[in-house]
Amino acid sequence: MDLQTLQSLLYDFPKKVAENPTITSIETNSRDVKQGSLFICIKGYTVDGHDFAQEAINKGAVAIIAEKSLDVDVPVVVVQDTTRAVSVIADAFYEQPTKRFRLIGVTGTNGKTTTTHIIEEVLQHAKQKTGLIGTNTIKINNQTYGVKNTTPEALTLQKTFKEMVDNQVDTAIMEVSSHALDLGRTFGCDFDVAVFTNLSQDHLDYHETMAEYRRTKGLLFAQLGNSYNHSNPKYAILNADDDASDEYRRSTAGTVITYGMQNQSDFMAKNIKMTPSGTNFELITPYETFKVSMKLIGLFNVYNVLAATAACFVSGISYTSIISTIETLEGVSGRFEVVDGGQDYTVIVDYAHTPDSLENVLKTINEFASSDVYVVVGCGGDRDRTKRPLMAKVAEKYSNLPIFTSDNPRSEDPEKILAEMEEGVKGKDYISIIDRKEAISYAIGHANKDDIVLIAGKGHETYQEIGGQRLDFDDREIVLQLIKERL
């Protein structure tokens with residue numbers, strides 16, 4: 001990467017600097033500043049970066065980007081919005097990395113992780129080098145790194161994309177959260193393909209209304225651009241069975257490709273048959289029809305496969321390659337994951353944490369259940385409270401016995417969370433057990449031969465957040481331990 005100066009990074013800003021130092025890194029956390037850094041002051045929820053400007057200078061910062069004048073001894077560039085400026089400046093500093101490979105973004109309430117995983121597997125099968133940015137994970141050519149948010153902050157994002165360029169990645173696949181879109185974390189990302197999975201209630205603690213949540217998701221499609229480049233076309237992959245797709249179709253200039261099962265689509269699944277070991281269906285494409293037999297279970301996974309198939313096809317992958325990969329997929333960690341400890345009943349761990357996703361999983365289980373179904377489920381603290389009674393209603397409707405428990409209570413009182421869930425099932429049969437391990441133990445202890453126990457809400461997570469602490473807790477490990485104790 002060529003040496004860059006402060007002025008060269010401000011080409012999108014009408015700013016003229018008197019001093020023009022060479023910039024060796026960009027930082028938003030004063031603890032990461034080193035000699036030659038450009039420090040950008042961000043106003044966060046709990047701290048204000050402007051208060052740490054002098055500390056950054058003491059550690060070697062040679063220039064500051066701020067929202068107000070500062071009495072310091074290095075150049076200060078004042079901009080209206082430093083959060084927005086981070087995206088622009090990071091994109092410039094890392095030499096616009098997303099213009100140097102294909103970028104696929106996947107947004108929606110449910111299915112983002114599975115869909116990105118399927119796309120990644122298909123592309124790797126086609127001998128492509130891939131990058132993946134998903135829930136708590138960044139992967140570059142199968143090297144895995146941890147990350148705090150589903151979609152990282154803009155600075156981390158652009159730095160990661162530059163590392164992908166350095167590692168000769170052909171295609172990057174990225175989960176795009178509504179928070180990231182609303183906060184502008186994805187500004188500067190040159191998406192080639194944008195995929196919409198579905199929209200149902202979630203994150204109303206942040207967005208407040210479904211209309212605002214829906215609008216925010218649509219930003220991904222509106223930001224595909226407004227011009228047509230036939231050598232590098234932009235595609236919007238939309239779920240024709242979800243009403244929100246009509247709005248996103250109107251929002252985008254990209255070429256719209258649809259998928260679905262109910263409404264006429266470019267990619268469709270018909271004659272779907274499910275078994276406890278997999279799903280069979282006919283894949284109807286714009287060119288021909290294929291028979292698919294996959295290990296993934298459930299209609300929601302058929303939707304994920306359709307979305308991934310469309311995204312891979314417009315990315316130049318052949319149907320033969322796509323289908324052969326889909327048929328060998330084992331699934332995603334914590335998504336409809338069967339935990340087998342040698343027991344004569346079935347235990348499934350799934351990330352379902354919205355009313356819609358929980359209903360999808362339980363409906364699928366009921367398709368092949370031959371005996372009783374138990375579900376252990378809770379709701380996260382400091383999050384959308386309105387979905388709590390809805391989650392309880394779904395659990396009661398589709399199981400023989402719902403067992404309500406703690407998810408990640410965070411700073412909230414677990415008893416109050418359970419009380420709000422119970423409001424949705426007054427007069428119905430249910431059990432509430434605050435301690436999650438005890439709740440799981442109750443379900444496994446009462447399961448008989450051929451019963452099915454669903455442990456919902458946390459899936460792949462290996463922790464539980466209680467009272468400001470993050471404690472080790474993995475549903476799958478707990479389940480195995482309890483199964484072995486019972487055998």
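Each label point was placed 7 Å from the Cα along the Cα-to-Cβ direction; for S8 and S69 their separation is 3.0 nm.
The C-alpha atoms of the chain define a longest principal axis, and helix 112-125 lies at about 80 degrees to it. A dipole drawn for the chain from +1 and -1 charges on Cβ atoms has a positive end, and of I434, V72, T252 the residue lying farthest that way is T252. Note on the chain: dipole from Cβ charges, positive end direction compared against N304, F13, L183; the farthest Cα belongs to F13. Carbon-plus-sulfur accessible fraction, segment 35-126 (probe radius 1.4 Å, protein heavy atoms only): 45%.
Across the accessible surface of segment 345-443, with the other protein chains kept in place and a 1.4 Å probe, carbon and sulfur atoms take up 41 percent. At an R0 of 25 angstrom, the distance between the Cβ atoms of E282 and S231 translates into a FRET efficiency of 0.15. Between the C-alpha center of segment 422-452 and that of segment 24-84 there is a gap of 51 Å. Rounded to the nearest 20, the Cβ-based charge dipole of the chain about its Cα centre (Lys and Arg +1, Asp and Glu -1) stands at 880 debye. For S370 and K34, a Förster radius of 45 Å and the Cβ-Cβ distance give a FRET efficiency of 0.15, rounded to the nearest 0.05. Take the Cβ atoms of R84 and M210, set R0 to 35 Å, and the FRET efficiency comes out at 0.85. With both residues required to sit in the chain, DSSP beta bridges show an antiparallel share near 40%.
For the chain, the per residue solvent-accessible surface stands at 44 Å², with DNA, RNA and ligands left out and a 1.4 Å probe.
Share of antiparallel DSSP beta bridges in segment 1-126, in percent to the nearest 5? Here the antiparallel bridges make up roughly 25 percent for segment 1-126. Taken one residue at a time, the phi angles of segment 298-313 give Karplus couplings (6.51, -1.76, 1.60, θ = phi - 60°) of x, 4, 4, 6, 5, 4, 4, 5, 4, 4, 5, 4, 5, 5, 6, 4 Hz. Gly and Pro are set to x. The relative contact order of segment 53-138, computed from alpha carbon pairs under 8 Å that lie at least 6 residues apart in sequence, is 13 percent. Only helices enter the 222 nm calculation for the chain: every DSSP H run of n ≥ 4 contributes -39,500 (n - 2.57), and dividing by all residues gives -9500 deg cm²/dmol, rounded to 500. Helix 355-368 and the longest principal axis of the C-alpha atoms of the chain enclose an angle of approximately 40°.
Under 5 Å between amide hydrogens, built in the peptide plane, is the criterion, and for T5 it picks out I23 among residues at least 5 positions away or on other chains.
In sequence order, segment 467-482 has phi-based couplings of x, x, 10, 9, 9, 4, 6, 10, 3, 5, 5, 4, 4, 4, 4, 5 Hz under the Karplus curve 6.51 cos²θ - 1.76 cosθ + 1.60, θ = phi - 60°, and Gly or Pro positions carry x. Of the trypsin sites (Lys or Arg not before Pro) found in segment 93-142, those in coil by DSSP whose Cβ has at most 13 other Cβ atoms within 10 Å are K127.
Give me the number: length gained by fully extending K295 to Q264, i.e. 0.36 nm times residue separation minus the C-alpha to C-alpha distance, one decimal in nm.
8.6 nm
For the chain, the longest principal axis of the alpha carbon atoms and the long axis of helix 82-93 meet at an angle near 80°.
Normalising the average separation of contacting C-alpha pairs (under 8 angstrom, six or more residues apart) by the number of residues puts the relative contact order of segment 275-417 at 17 percent.
Only Cα pairs under 8 Å and at least 6 apart count here; give the relative contact order of the chain as a rounded whole percent.
Relative contact order for the chain comes out at 10 percent.
The values are calculated or read from the model by the stated rules, or taken from the named source; none is laboratory data. For clarity, every value in this text was computed on a predicted model and none was experimentally measured. Methodologically, a virtual Cβ is constructed for each residue, glycine included, from the backbone with ideal geometry; neighbour enumeration extends over all protein chains shown. Side chains are part of the model used for accessible areas, which takes the heavy atoms of the whole protein and leaves out ligands, DNA and RNA. Shrake-Rupley method; radii C 1.70, N 1.55, O 1.52, S 1.80 Å.
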